[in-house]
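The values are calculated or read from the model by the stated rules, or taken from the named source; none is laboratory data. Just so it is clear, the model here is predicted, and its values are computed rather than measured. All accessible areas refer to the heavy atoms of the entire protein, side chains included, with ligands and DNA or RNA removed. Shrake-Rupley method; radii C 1.70, N 1.55, O 1.52, S 1.80 Å.
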Amino acid sequence: MALLQAEKAAKQQRIAYPVDTLLGTWQLWFTAPRKAHFQNGQVLGKGLYISQIARAQISFVNQEELSISNQIQLGSLLFKLTGPAKYLGKKNLLAFDFTRMQLSLFGRAIYNGKFPTKASTINFVEQPIAKLPFFAFFLVNEDFIAARGRGGGIAIWVKNK
């Protein structure tokens, strides 16, 4: 419920978070499906705390260009997607396109190459936000970030220290 209230407050107050506050590596801690929302003042939908058995994390890096990395590790199996990202600060929207995939087992790459997406057939920079996956961040501080994805789900990530 607190997450939904924070999301509502961020929209009403038009809070803008600079992209630098998102940079780093974040451990997925909690996720809720798109059904998590308010209806007539009541909270609908349930969430899931992510187990440490399957570590999921997301990273944002801004060197010459902003990029995203999203990975999940289950034991010695690692699945990782990477690609370019762009941030619209006024709306706290981070759009991205996963263009590379890595699959590793016991630290050895099984596959490391292109990840085909519809958006990657056209220059990423020219893609309208409406055609890309994105996260709409509504709560950002030095310890955690929270966002709603394009599909409607909510997630909380905790900063890796």
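Some values worked out for this structure:
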read-out	value
Extension gain (nm, one decimal) between N112 and R150, 0.36 nm per residue minus Cα-Cα	11.0 nm
Value of [θ]222 nm, deg cm²/dmol, for the chain, DSSP H segments ≥ 4, -39500 (n - 2.57) each, nearest 500	-2500 deg cm²/dmol
Gain on full stretching of the segment that runs from V61 to A16 - 0.36 nm per residue minus C-alpha separation	14.3 nm
The chain: angle of helix 2-13 to the longest principal axis, Cα-based, in degrees nearest 10	80 degrees
Over the chain, relative contact order from alpha-carbon pairs under 8 Å, at least 6 apart, %	24 percent
Accessible area (Å², per residue) of the chain, counting only protein heavy atoms and a probe of 1.4 Å	62 Å²
For segment 138-152 and segment 70-120, distance of Cα centres in Å	18 Å
Gained length - V158 relative to F30, 0.36 nm times residue gap less alpha-carbon distance	45.2 nm
